[in-house]
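Trainee: If you scroll down you'll find the structure; I have some questions about it.
The values are calculated or read from the model by the stated rules, or taken from the named source; none is laboratory data. Remember, predicted model here, so these are calculated numbers, not experimental data. Cβ sites come from the backbone with ideal geometry, for glycine too, and all protein chains shown count toward neighbours. Please note that ligands, DNA and RNA were not included when accessible areas were found on the heavy atoms of the full protein model with its side chains. Shrake-Rupley method; radii C 1.70, N 1.55, O 1.52, S 1.80 Å.
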Protein chains: 2
Amino acid sequence: MTGETPKRVDMEKIVSLCRRRGFIFPSSEIYGGLSSCWDYGPLGVELKRNIKEAWWQAEVQQRDDVVGLDTSILMHPRVWEASGHIKGFADPLVECKRCHLRWRADDLNSDKCPTCGGELTEPRQFNLMFKTFMGPVEEKASTIYLRPETAQGMFVNFQNVTNTTRKKLPFGIAQIGKSFRNEITTGNFVFRSREFEQMEIEFFVKPGTDEEWFNYWTEERLNWYVKLGIKKENLKLRPHTRDELAHYARACYDIDYLFPMGWAELEGIANRGDFDLVQHASLSGKTIDYFDDETKERFVPYIIEPSAGVDRSLLAFLCDAYDEEPDKEEIRVVLRFHPGIAPIKVAVLPLSRKEQPVALAREIYADLRQQWSVTYDIAQSIGRRYRRQDEIGTPFCVTVDFQSLEDNQVTIRERDTMNQIRVPISELKTTLQAKLKGEELFVLPPGGKIWKEER
Amino acid sequence: MTGETPKRVDMEKIVSLCRRRGFIFPSSEIYGGLSSCWDYGPLGVELKRNIKEAWWQAEVQQRDDVVGLDTSILMHPRVWEASGHIKGFADPLVECKRCHLRWRADDLNSDKCPTCGGELTEPRQFNLMFKTFMGPVEEKASTIYLRPETAQGMFVNFQNVTNTTRKKLPFGIAQIGKSFRNEITTGNFVFRSREFEQMEIEFFVKPGTDEEWFNYWTEERLNWYVKLGIKKENLKLRPHTRDELAHYARACYDIDYLFPMGWAELEGIANRGDFDLVQHASLSGKTIDYFDDETKERFVPYIIEPSAGVDRSLLAFLCDAYDEEPDKEEIRVVLRFHPGIAPIKVAVLPLSRKEQPVALAREIYADLRQQWSVTYDIAQSIGRRYRRQDEIGTPFCVTVDFQSLEDNQVTIRERDTMNQIRVPISELKTTLQAKLKGEELFVLPPGGKIWKEER
């Protein structure tokens, strides 16, 4: 990380590209939209699926020590008593309009944010959680909340998981799912919205080994972004100061990304200590602990939590991939996605609309589609079609021409270099496989060197 | 379909297996659970992922004429005015305790259900939708709803999708996501819960071709279940009678499955006509229609909607796979999952705890895991370990013994037949690949014969 500020893309360009090409639309747009809610379009949903799948592959499937979970959004209200969400957010709050930190109004002596000096909102009686009513009657007894984080679903299932999987410490539980926060200040496109998707890991360790695992997960998560193509110079580790630490946390790192609006949190890694399990044991009256077969000790595990946002990751991948370069009289817009997350891997483009090349192109298309997400495009000039694929980040185009009918060869055109190579159709799949090797990226090399953040 | 009732599994056995082996837990269990909400455990989440992925592969990725979408759960309240959900469910309702149909109390002359004669609940002022409040103040103006179906997100984006993808009719939009209904009567495990996940397709066609496409999708969806292993005799098509049709529907089929509690809806396929697009055009004041380049006609498309439930499908796959057979003195419990949806494809089991066979087993495990979801188990006798894998539906076990160190061969044991074969380690991956060919199941053979439901 150098002192210089790297080049940033304009947010308006990202929003406009997303709108124009079907990555992201405002939710309920025909009705004027719903504040800070977003719909993922045909390309956006594939990008999002690829990001979630890459995370699941790296953090669950390819690991021995993490299992998955998928818990419900609606939970018992006492969960939020134990977690501190009901009490912690029921006070009159002011929020800093600049850094979005919230303060209890009665704790403040000034009308400027104690952290950054920003302007504060008026105090409001405000709970971060969306409330709703379960059952046929709308009354206090039936008030429940939409979860503001997926984490609690994993804490309350700790004993269920150890009982059914027989996992030994250290091990983790991972979950991808929607959460809801009735934020006062939203904005910056999908960066801060009221409905969002999380990818969270709760990693349970023996107290005393928590610092080591906290560092391990910080590195592991930084590397995940780097391996999927995020530029190192756009990432920064920011340790929380003691004043800034949440009530449950012993230590916390933010992985910040250089978004168009500046450095902002992409993921948080927290050492939560035994706070959560102790709280839930206390409120539920159930025993929640761990018995170590080898040392014959019984104790409450500490928890290391890497908590990432799907929508924020997606925005970071979009911003990081966005590039413009002069191309003759025009500007070529390219999304330089890592092949592993590109919504479409290959576009098949016949150079003629005549029957024979079209038939061959469709045959190749049908064959490739069994393995990858592939598109077929016959409209307009080949130049225009290349530009369309560049703009949505398709790594490779395969063109089929009249010569292909004679020599059984096709052309592969690479997005990043615009280089073209001619390959026999019989070797097309294996050639693409090698070029798309990003598909196999998520296997950690045993004992492999892990990139260390310098500060 | 014969007149005889096929063998049914006991629901309690399914619930107990799910609890014991970590497929499904009651939500917030340590706090006594939250009525009819469920958490998917380590095996359940993988099963669910496989089902959703199989659907997405078959209905989006492998098709030319369907694109995906992922719209937000929170939508503009006018969406629910247009759809009829606000008005349609704001009346005093009674519900049949047997068939769960709801009736407006003031429309009824009897106190028994007009359809099945079942007992009715007391009338209640009841809206099916969960309501919540967006923004900092809890007031009428900020009331919004959790979506009761994913469908509307696709209707309101119809024009966004045609504009950005240039898709021509007939084409579809597909979505997987959570929906919420404040059901009066819940139950039967995950069959009817208040928070559930849907897999819906909205297929847009030219009016006049709708009947043909309605039939096409009915067959396609029936076949999807059959190809993934559901027994034909446990599936039944049930056309809705004219009285039973929803206000938006021109025709509707239920795909019923023989659940432990009897025949019940697994998926609905509806011909919604132009109801939805006309309603949204009318309430939003926006033009929503389609221009046919070839015929130069402008019209509002009709919609065919195959609407499936993820949780119901999962329950059907579990019930259908469940089997018991006598095995010496005991009962062998087997989940005969199709390999494509089995949570774990292969288990690697060393026959000895000695260093060398364990090292070889772990090497094989690490290698296979790069391709599939694989587990490794060294605890207890090999018989017990086989039973554990049978009970969670793992199609293949690979055992490593001392002889493996000499002849470089391992044993593959098949779940269904319990047959064992010996293969060279160098051929293990390709042998398993062939045996797990279910992975490639979802490619429709061009011109292939489609199973036709007989009634």
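Trainee: Can you pull out every residue in the range B:113-130 that is closer than 17 Å to B:Asp243 by Cα and open to solvent by 20 Å² or more (accessible area, probe 1.4 Å)?
Mentor: Answer for the range B:113-130, where residues must be closer than 17 Å to B:Asp243 by Cα and open to solvent by 20 Å² or more (accessible area, probe 1.4 Å): B:Pro114, B:Thr115, B:Cys116, B:Gly117.
Trainee: All but one of (1) buried (at least 23 other Cβ atoms within 10 Å of the Cβ); (2) outside any strand (DSSP E or B); (3) aliphatic (A, V, I, L, M) hold for B:Leu169; which doesn't?
Mentor: Exception for B:Leu169: condition (1).
Trainee: Take the range A:365-379 and flag every residue that is surrounded by fewer than 18 Cβ atoms within 10 Å (Cβ to Cβ) and more than 9 Å from every other protein chain (Cβ to nearest Cβ).
Mentor: Matches in the range A:365-379: A:Asp367, A:Gln371, A:Ile378.
Trainee: Is there any pair with a first residue in the range B:22-41 that is more than 7 Å from every other protein chain (Cβ to nearest Cβ) and a second that is part of a loop (DSSP other than H, G, I, E, B) whose Cβ atoms are under 6 Å apart and which are 6 or more apart or on different chains, and what are they?
Mentor: B:Phe23/B:Gly41; B:Pro26/B:Gly33; B:Ser36/B:Thr186; B:Ser36/B:Ser193; B:Ser36/B:Arg194
Trainee: Out of (1) at pLDDT 90 or above; (2) not small (Gly, Ala, Ser); (3) not assigned by TED's automatic domain parsing to the domain that holds B:Glu183, the odd one out for B:Cys96 is which?
Mentor: Failed condition: (1).
Trainee: Which is hydroxyl-bearing (Ser, Thr, Tyr), at pLDDT 95 or above and in contact with a Pro (Cβ under 7 Å, 6 or more places away or on another chain), of B:Ser404, B:Ser313?
Mentor: B:Ser404
Trainee: Need at least 3 residues that are within 35 Å of the chain's Cα centre (by Cα) per element, so show me which strands (runs of 3 or more DSSP E) inside the range B:332-441 make the cut, counting only ones lying wholly within it. Before the answer, list the steps.
Mentor: Details: elements: B:346-350, B:374-376, B:396-400, B:409-414, B:420-424.
Result: B:346-350, B:374-376, B:396-400, B:409-414.
Trainee: I need the full set of residues from the range B:28-83 which are hydroxyl-bearing (Ser, Thr, Tyr), open to solvent by less than 10 Å² (accessible area, probe 1.4 Å) and in a helix (DSSP H, G or I), in order please.
Mentor: Residues of the range B:28-83 that are hydroxyl-bearing (Ser, Thr, Tyr), as a first pass: B:28, B:31, B:35-36, B:40, B:71-72, B:83.
If we keep only those that are open to solvent by less than 10 Å² (accessible area, probe 1.4 Å) as well, we get B:28, B:40, B:71-72, B:83.
Across the range B:28-83, the qualifying residue is only B:Ser83.
Trainee: Which one of these is in contact with a Lys or Arg (Cβ under 8 Å, 6 or more places away or on another chain), more than 9 Å from chain B (Cβ to nearest Cβ) and not polar (S, T, N, Q): A:Glu122, A:Glu81, A:Glu59?
Mentor: Being in contact with a Lys or Arg (Cβ under 8 Å, 6 or more places away or on another chain), more than 9 Å from chain B (Cβ to nearest Cβ) and not polar (S, T, N, Q) holds for just one of A:Glu122, A:Glu81, A:Glu59, which is A:Glu81.
Trainee: What number of residues in the range B:187-215 are open to solvent by 40 Å² or more (accessible area, probe 1.4 Å) and over 30 Å from A:Thr71 (Cβ atoms)?
Mentor: So the count comes out to 8.
Trainee: Looking at A:Asp320, A:Asp254, which one is open to solvent by less than 30 Å² (accessible area, probe 1.4 Å) and either more than 23 Å from A:Glu53 (Cα to Cα) or assigned to a strand (DSSP E or B) (or both)?
Mentor: Exactly one of A:Asp320, A:Asp254 is open to solvent by less than 30 Å² (accessible area, probe 1.4 Å) and either more than 23 Å from A:Glu53 (Cα to Cα) or assigned to a strand (DSSP E or B) (or both), namely A:Asp254.
For every residue, the table says whether it meets (1) assigned to a strand (DSSP E or B); (2) open to solvent by 20 Å² or more (accessible area, probe 1.4 Å); (3) closer than 19 Å to B:Ala174 by Cβ.
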{"residue": "B:Trp263", "(1), (2), (3)": "yes, yes, no"}
{"residue": "B:Ile269", "(1), (2), (3)": "yes, no, yes"}
{"residue": "B:Leu277", "(1), (2), (3)": "no, no, yes"}
{"residue": "B:Ala281", "(1), (2), (3)": "no, yes, no"}
{"residue": "B:Lys286", "(1), (2), (3)": "no, yes, no"}
{"residue": "B:Phe291", "(1), (2), (3)": "yes, yes, no"}
{"residue": "B:Glu305", "(1), (2), (3)": "yes, no, yes"}
{"residue": "B:Ala308", "(1), (2), (3)": "yes, no, yes"}
{"residue": "B:Asp311", "(1), (2), (3)": "no, no, yes"}
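Trainee: Do you know which residues across the range B:274-302 are touching a helix residue (DSSP H, G or I) at 6+ places or on another chain (Cβ under 6 Å) and more than 14 Å from chain A (Cβ to nearest Cβ)?
Mentor: Scanning the range B:274-302 gives B:Val300, B:Tyr302.
Trainee: Could you figure out which of (1) under 25 Å from A:Val15 (Cα atoms); (2) assigned to a helix (DSSP H, G or I) isn't true of A:Lys236?
Mentor: (2)
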